[in-house]
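Colleague: Would you mind keeping the following structure in view while I ask a few things?
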Amino acid sequence: MAVNELWLVRHGESVGNVAATQAELDGLDTIPLEIRDADVPLSDTGREQAAALGEWLDEGHAHIDDYWVSPYVRAQETLRIALGERATPSPPALDERLRDRELGILDLLTRTGVQRLHPEERARRLHLGKFYHRPPGGESWADVALRLRSFLRDRLDGPGEKAMIVAHDAVVMLLLYVLLPLREDELLDFAAENTVLNASVTHLVRRDPGWELVAFSDVTHLQREGADVTVHPGNPDVEPA
């Protein structure tokens, strides 16, 4: 048996999302957050979004055999709230390969902060491109794709046929890159025009000869349950001028 249907969920809004967006709006160099990235919890809105995801599951939109989740608190909390007391065929499995992209020396910097404090990294990013730029101590998108290929090799052979992954925006984007598959330019064009929204559901089905994208960043369940739809672009990156 092999997995032939996947639901990719970005965690609900986190306090880090809120702090990062406000820091960008305020023109700050750094994001005022003292919690390490792995421990950042959901905001009140994020918890409401996770509960709305649980309502979506209760309505029978997806019978899930396996749940896989990033070890980061915001992803675990999203899944825990969504599942509630629901019995699952097997306990959700944490996998460190589903963690968010690591930014190294750019961690907790806004775009303004990166350009002011590390102009050399902005220049390197412009030269190498977003996909291959690796900040010192951090990861490129290509690095994240490599660990996701390892994850998929281990997990897609079953035992269940339907699985949900709860993780991060970069993970969702790069799973599309690996599974569909996409070229580097196709991925970057798609990412430039689309955002993986908090607590959104992206749905893929495996059909001959490969995977097909059925729905991307769907937030119908949030709108139906009256939960806020929040737009946070995720980790700051060094965008060209």
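The values are calculated or read from the model by the stated rules, or taken from the named source; none is laboratory data. Note that the coordinates shown come from a computational prediction; the quantities given were computed from them, not determined experimentally. Note that we place each Cβ from the backbone using ideal geometry, even for glycine, and neighbour counts take in every protein chain shown. The area values use the complete protein model at the heavy-atom level, side chains included, leaving out ligands, DNA and RNA. Shrake-Rupley method; radii C 1.70, N 1.55, O 1.52, S 1.80 Å.
Colleague: Give me the residue from the stretch 87-100 that is out of contact with any strand residue (DSSP E or B) (no Cβ under 8 Å at 6 or more places or on another chain) and not in a loop (DSSP other than H, G, I, E, B) and, out of that set, most open to solvent (accessible area, probe 1.4 Å).
Modeller: Applying the filter and picking the extreme gives Glu96.
Colleague: Here's a follow-up. Ile64 passes all but one of (1) part of a loop (DSSP other than H, G, I, E, B); (2) without any contact (Cβ under 8 Å) to a residue 40 or more places away in the chain; (3) β-branched (Val, Ile, Thr); which number fails?
Modeller: (2)
Colleague: Oh, and also: Please work out which one of (1) closer than 20 Å to Ala227 by Cβ; (2) at pLDDT below 95 is the condition Ser90 fails and give its number.
Modeller: Going through (1) closer than 20 Å to Ala227 by Cβ; (2) at pLDDT below 95 one by one, Ser90 breaks only (1).
Colleague: Now for a different question. Out of the residues in the stretch 23-68 meeting the condition of being of a type in the set (S, T, N, Q) and within 19 Å of the chain's Cα centre (by Cα), tell me which one is farthest from Thr202 (Cα to Cα).
Modeller: Applying the filter and picking the extreme gives Ser43.
Colleague: Quick test of your reading of the structure: Gly27 fulfils all but one of (1) surrounded by 14 or more Cβ atoms within 10 Å (Cβ to Cβ); (2) over 16 Å from Asp169 (Cβ atoms); (3) out of contact with any Asp or Glu (no Cβ under 9 Å at 6 or more places or on another chain). Name the failing condition by number.
Modeller: (1)
Colleague: Evaluate the following for Pro71: is it within 19 Å of the chain's Cα centre (by Cα) and part of a loop (DSSP other than H, G, I, E, B)?
Modeller: It is true that Pro71 is within 19 Å of the chain's Cα centre (by Cα) and part of a loop (DSSP other than H, G, I, E, B).
Colleague: Here is a check on your reading of the model: is Gly234 more than 25 Å from Ile105 (Cβ to Cβ), small (Gly, Ala, Ser) and modelled with pLDDT under 95?
Modeller: No.
Colleague: Count, please, the residues in the stretch 36-57 that happen to be of a type in the set (A, V, I, L, M) and modelled with pLDDT under 95.
Modeller: 1
Colleague: Among the listed residues Gly60, Gly84, identify the single one that is in contact with a helix residue (DSSP H, G or I) (Cβ under 8 Å, 6 or more places away or on another chain), open to solvent by 20 Å² or more (accessible area, probe 1.4 Å), farther than 23 Å from Asn194 by Cα and at pLDDT below 95.
Modeller: Within the list Gly60, Gly84, the selection yields Gly84.
Colleague: Continuing with this model, one more query. Just the residues that are open to solvent by less than 10 Å² (accessible area, probe 1.4 Å) and touching a Phe, Trp or Tyr at 6+ places or on another chain (Cβ under 7 Å), please, taken from the stretch 171-191.
Modeller: Leu174, Leu187
Colleague: Tally the residues that are open to solvent by less than 40 Å² (accessible area, probe 1.4 Å) and part of a helix (DSSP H, G or I), restricting the search to the stretch 31-57.
Modeller: Counting residues in the stretch 31-57 that are open to solvent by less than 40 Å² (accessible area, probe 1.4 Å) and part of a helix (DSSP H, G or I) gives 10.
Colleague: Is it the case that Leu28 is more than 13 Å from Asn198 (Cα to Cα), in a loop (DSSP other than H, G, I, E, B) and at pLDDT 95 or above?
Modeller: So Leu28 fits the description; yes.
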